[in-house]
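Input: a single structure, listed below in structure tokens.
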Amino acid sequence: MRPFDRLLLMNKAWVQDRLELNDGYFDTLSSGQKPDFLWIGCSDSRVTAEQITGADPGEMFVHRNIANLVVPGDLNTLSVVQYAVEVLQVTDVIVCGHYECGGVKTAMAGTKLGLIDGWLDNIARVKTMYQAELDQIADDHERFDRLVELNTQEQVRNLAATDSVRKMWASHQIPNLHGWVFNLRTGLIKDVINLSPPGV
């Protein structure tokens with residue numbers, strides 16, 4: 001069996017599982033979406049939004065990119081944010097980083113990989129912003145973990161500065177913004193920053 005054939009077999013097993021629990025599952029799933037959450041996470045294959053939060057399909061609108069960045073001028077991410085907050089009117093947006101992030105590690109080390117270097121420069125800028133704090137951390141692993149947290153915090157702040165979020169804050173007092181970090185070593189999520197609409 002080819003490796004990807006296993007995924008197709010698992011899909012069939014998942015369908016059977018769903019139908020045994022609820023024979024109308026796919027009727028409900030196909031009827032539309034009204035998620036409460038936008039999840040902006042890392043593309044890392046080990047960090048899947050629904051699995052680590054226990055959410056069901058339809059509960060989260062999900063966007064993933066390398067190192068969970070919210071970059072001003074990135075039409076992909078900004079389009080997802082605009083649709084989620086203005087059209088779907090999600091109540092909460094979660095930016096979720098994770099410890100052991102390859103993108104953050106590469107940016108921290110200054111390693112050059114090619115095309116992706118321009119993307120990772122966004123993390124290098126965060127590192128430069130907090131260089132004095134990071135230099136106070138003697139342990140390399142702790143310093144790496146702290147940069148993951150700082151990167152997540154700065155992406156939430158970038159999110160708060162987007163036109164879509166500012167517009168919805170002014171008109172609807174939503175969404176709340178959250179920065180989380182998933183710990184691959186324990187499976188737990190650390191809440192590192194929360195921003196609410198002004199006046200809430």
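The values are calculated or read from the model by the stated rules, or taken from the named source; none is laboratory data. Quantities reported herein were computed from a predicted structural model and do not represent experimental measurements. Note: ideal-geometry Cβ built from the backbone for every residue, glycine included; neighbour counts use all protein chains shown. For the accessible areas, the whole protein counts, side chains as well, though only heavy atoms, and no ligand, DNA or RNA atoms are used. Shrake-Rupley method; radii C 1.70, N 1.55, O 1.52, S 1.80 Å.
In a loop (DSSP other than H, G, I, E, B) and either touching a His at 6+ places or on another chain (Cβ under 9 Å) or open to solvent by 30 Å² or more (accessible area, probe 1.4 Å) (or both) - does that describe any residue in segment 148-164? Yes, segment 148-164 has at least one match. State all residues of segment 60-102 that are open to solvent by 10 Å² or more (accessible area, probe 1.4 Å), in contact (Cβ under 8 Å) with a residue 60 or more places away in the chain and under 24 Å from Leu188 (Cα atoms); if no residue qualifies, say none. Passing the criteria: Thr91, Asp92, Tyr99, Glu100.
Here Thr106 meets each of (1) at pLDDT below 95; (2) crowded, with 17+ Cβ neighbours inside 10 Å with one exception, condition (1). Is one or more of the residues making up segment 111-129 over 20 Å from the mean Cα position of the chain (by Cα), farther than 20 Å from Leu69 by Cα and assigned to a helix (DSSP H, G or I)? Among the residues of segment 111-129, not one is over 20 Å from the mean Cα position of the chain (by Cα), farther than 20 Å from Leu69 by Cα and assigned to a helix (DSSP H, G or I), which makes the answer no.
Looking for something assigned to a loop (DSSP other than H, G, I, E, B) and among the charged types (D, E, K, R) - is there at least one such residue anywhere in segment 78-98? The answer is no, given that none of the residues of segment 78-98 is assigned to a loop (DSSP other than H, G, I, E, B) and among the charged types (D, E, K, R). Search segment 1-35 for residues being open to solvent by less than 100 Å² (accessible area, probe 1.4 Å) and touching a residue at least 40 places away in the same chain (Cβ under 8 Å), and hand back the single one that is farthest from Ala84 (Cα to Cα). The residue in question is Gln33.
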